[in-house]
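Report on one structure; see the data block that follows.
No value in this document is a laboratory result; all are computed from the given coordinates. Just so it is clear, the model here is predicted, and its values are computed rather than measured. So basically every Cβ, Gly included, is an ideal-geometry build from the backbone, and we count neighbours across all protein chains shown.
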Amino acid sequence: MSFNPLTFLFELINFLLLVWLLRKLLYKPVIQVLADRRRFIQERLEAARAKEVELEKLQSDYQHLLIELDEQREQAMTRLRGELEQEKGNLQKALQADLDNEKLRARSFIENEKRSLNEDIRQEAIQAALHYTIRFLRKIKDPLLEQKLVSLALETVESLVENRYEEFAAEIRERGEIQVETAVKVGHALSTEVIQALQKIFGEECPIGLHYKPELEAGVRIYLGSHLVDASLRGHLETWGQELETHVKN
């Protein structure tokens with residue numbers, strides 16, 4: 001087979017063309033893929049290194065936090081022990097002072113008991129008379145007494161409000177309503193009379209809270225804001241008992 005330069009030239013050109021096509025179509029994409037892969041791996045490595053640095057920093061911060069917490073705990077325990085010792089000393093002083101005061105009160109009580117024996121006997125007699133009077137008045141109470149106490153309460157309200165209407169009205173608005181406690185049940189004629197009388201004084205739109213309080217024995221209590229009008233049998237008996245005790249003491 002003879003050597004043909006032209007054929008050789010064509011073969012060489014085909015070979016070079018094939019190399020160019022391979023370089024153009026395969027080499028650059030492969031190189032690009034390898035470069036992207038290398039960059040991806042590098043980024044992952046850098047991210048891992050950053051994460052490792054972050055973890056090391058967190059571990060260091062955690063260690064410092066543990067040390068700081070131990071120091072704070074120790075300081076708190078030291079402070080608490082000091083406070084407990086101080087409180088213990090204060091309690092001992094207070095206890096001793098209480099014991100001394102109790103001794104003084106005991107001596108004073110014994111001396112007073114010796115001096116006031118006759119006075120105690122008089123007081124017991126007065127209390128017995130007071131309780132008897134209360135029981136007696138409870139037995140003799142009647143509808144006329146109820147009416148008189150209700151009338152007394154309403155007259156007292158009118159007298160109070162006469163020159164101080166705005167003051168009482170403002171305080172009632174602030175409190176929300178007039179509170180009424182009565183010894184008769186809600187719906188009784190006297191309860192209705194009290195409500196109508198108060199609405200006549202303060203206006204029909206004035207809210208009134210009515211409450212049944214049998215322990216009043218008779219009569220009514222009316223709360224005009226912070227002011228109490230007590231026209232109940234129990235209120236009068238309690239006042240009389242207080243005045244009687246005050247008179248005996250003086």
Per 0.36 nm of contour for each residue apart, how much would the distance between Gln59 and Leu144 grow if the chain were fully extended, relative to their Cα-Cα spacing?
21.6 nm
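For Leu80 and Leu12 in one chain, what is 0.36 nm times their gap in residues minus the Cα-Cα distance, to one decimal in nm?
Working: separation 68, 0.36 × 68 = 24.48 nm, distance 9.69 nm.
In short, 14.8 nm is gained.
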Other residues with Cβ under 13 Å from the Cβ of Ser151 give, with Lys and Arg +1 and Asp and Glu -1, a net charge of -3
How high is the FRET efficiency between Ser151 and Phe109 when r is their beta carbon distance and R₀ equals 41 Å, given to the nearest 0.05?
0.30
What is the Cα centroid distance between region 43-64 and region 172-239, reported in whole angstrom?
77 Å
Which of the peptides 192-200, 102-110 is most tightly packed, and how do the rest follow, judged by the mean count of other Cβ atoms within 10 Å per residue?
192-200, 102-110
Extension gain Asp100-Glu71, at 0.36 nm per residue separation less the Cα-Cα distance, in nm?
6.1 nm
